[in-house]
Structure formats: structure tokens, C-alpha cells
Amino acid sequence: MNATPEPRGTVVDAPGGRELQIRRDLTAGIDRVWAALTTSAGLEPWIGRLEGDPSSGRVTFVMTAEGGDVPPEECVITECTPPRTFSIDTSVGEDAWHLRVALSEDGGGTRLLFAQVLGAEPAGSVGPGWEYYLDRLECALAGEDAAGVDWDDYYPALKDHYDALAR
């Protein structure tokens, strides 16, 4: 187990409801980050893969980072402006998740804003999970093995921080 990661998320009131927002400054260029977030080849090293045709407005997401028994999730693409923004709606169990990503160029790198509207699922379980996956994304973009990011460093260590933000 490594040191507990520094939580970078906030909870804000947004047009779609209270949102968990996590910002990252990435060294990779915007096109490379866009591909890592929107293509199977880019997603595979750090979280999963897409199946289907994104131009149809729907894809199936298969999370491979959690093992082989995770059921696929249907995602509805509600906004997509390459390489800047996309939003998707998906269901996780009985919960509906509304996710949004905004990218902007920052020198030679990319500023990423990841947001999820907080619904029934507690921020204390959502926040640590996205911190974990965004750290895996950073590893993949750096050419490192995302498997080196240890879930046990994130949960339950960051749970109380995110629960307190949502109050």
C-alpha cells in the first residue's frame, strides 16, 4: 500500500444538479487525451472498452479494470464536441449516472474537468473511485502500467473527505 492520494475533487451546484468535479492538469496534448477518453484503444489501458458505433448516440461500455464479471453498461451520448466536451448518461445497477468531461489546451498539455451529477450514490463511494480511475488515466498517458495504481490507497481512505464535501 502506498501513501493516500491527495483528493482533488469538489462538489458544486451545477445546472444539472449537485456535481462532483475533479480537475487534472495532464502533460499529454488534447487530441491524445480525447482519444484516451473516447476510443476503445485509449480506454483499454486504464478502464475498459467501448462496443458499438458512437455516431449512433449509443455505445456499450465494458469495464475491464474491475475483472471479467462486470456486466456491460449502455451509455447514451448526450453531447459530443471533439476534442473538447462530451456527456453521457449511463446506469450503474439501479442508479443513473450523468457524466461530463471538458478538455482545454493548457500550454502543451491538457486541463481535464471530469464531473458526475450526484444522485442516490454517496459521494464517499463515487469520489474515491473517480480519483482512482483518473490516476490510472494519468499513468496510461505517461506510458506506465495503470495496474500499479492500488485501489486500496483510495478507498476507504478518501471516503470521509468526499462524504463531507457532499453535506
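Annotations for the structure displayed:
- Evaluated against (1) touching a His at 6+ places or on another chain (Cβ under 9 Å); (2) of a type in the set (Val, Ile, Thr); (3) at pLDDT below 95, Ile88 falls short on exactly one condition, (3).
- When Gln21 is tested against (1) in a loop (DSSP other than H, G, I, E, B); (2) in contact with a strand residue (DSSP E or B) (Cβ under 9 Å, 6 or more places away or on another chain); (3) of a type outside the set (A, V, I, L, M, F, W, C), only condition (1) is not met.
- Selected residue (only one of Glu51, Glu44, Glu94 is of a type in the set (D, E, K, R) and closer than 21 Å to Gly119 by Cα): Glu94
- Conditions (1) surrounded by 18 or more Cβ atoms within 10 Å (Cβ to Cβ); (2) closer than 19 Å to Gln21 by Cα; number of the one not met by Cys75: (2)
- Test for Thr110: is it within 27 Å of Asp150 (Cβ to Cβ), in a strand (DSSP E or B) and modelled with pLDDT of 95 or more: yes
- The selection criterion, being out of contact with any helix residue (DSSP H, G or I) (no Cβ under 8 Å at 6 or more places or on another chain) and outside any strand (DSSP E or B), does not hold for Asp89.
- Being surrounded by 14 or more Cβ atoms within 10 Å (Cβ to Cβ), touching a residue at least 24 places away in the same chain (Cβ under 8 Å), within 19 Å of Tyr162 (Cβ to Cβ) and in contact with a helix residue (DSSP H, G or I) (Cβ under 9 Å, 6 or more places away or on another chain) is a property that Arg32 lacks.
- Test: Arg84 is touching a strand residue (DSSP E or B) at 6+ places or on another chain (Cβ under 8 Å), over 24 Å from Ser125 (Cβ atoms) and among the basic types (Lys, Arg): yes
- Selected residue (criterion: nearest to the chain's Cα centre (by Cα)) from residues of region 71-83 that are outside any strand (DSSP E or B) and without any contact (Cβ under 8 Å) to a residue 24 or more places away in the chain: Pro72
- Within region 129-167, restricting attention to residues that are among the aliphatic types (A, V, I, L, M), crowded, with 20+ Cβ neighbours inside 10 Å and in contact with a strand residue (DSSP E or B) (Cβ under 7 Å, 6 or more places away or on another chain), the residue that is farthest from Thr64 (Cα to Cα) is Leu141.
- Selection within region 113-122 - touching a His at 6+ places or on another chain (Cβ under 9 Å) and either buried (at least 17 other Cβ atoms within 10 Å of the Cβ) or modelled with pLDDT of 95 or more (or both): Ala115, Gln116, Val117
- Matching option when the condition is loosely packed, with under 15 Cβ neighbours inside 10 Å, of a type outside the set (D, E, K, R) and touching a strand residue (DSSP E or B) at 6+ places or on another chain (Cβ under 9 Å), among Thr10, Thr90: Thr10
The values are calculated or read from the model by the stated rules, or taken from the named source; none is laboratory data. As the structure is a computational prediction, the values presented were derived from the model and not from experiment. Positions of Cβ are backbone-derived with ideal geometry, glycine not excepted, and every protein chain shown enters the neighbour counts.
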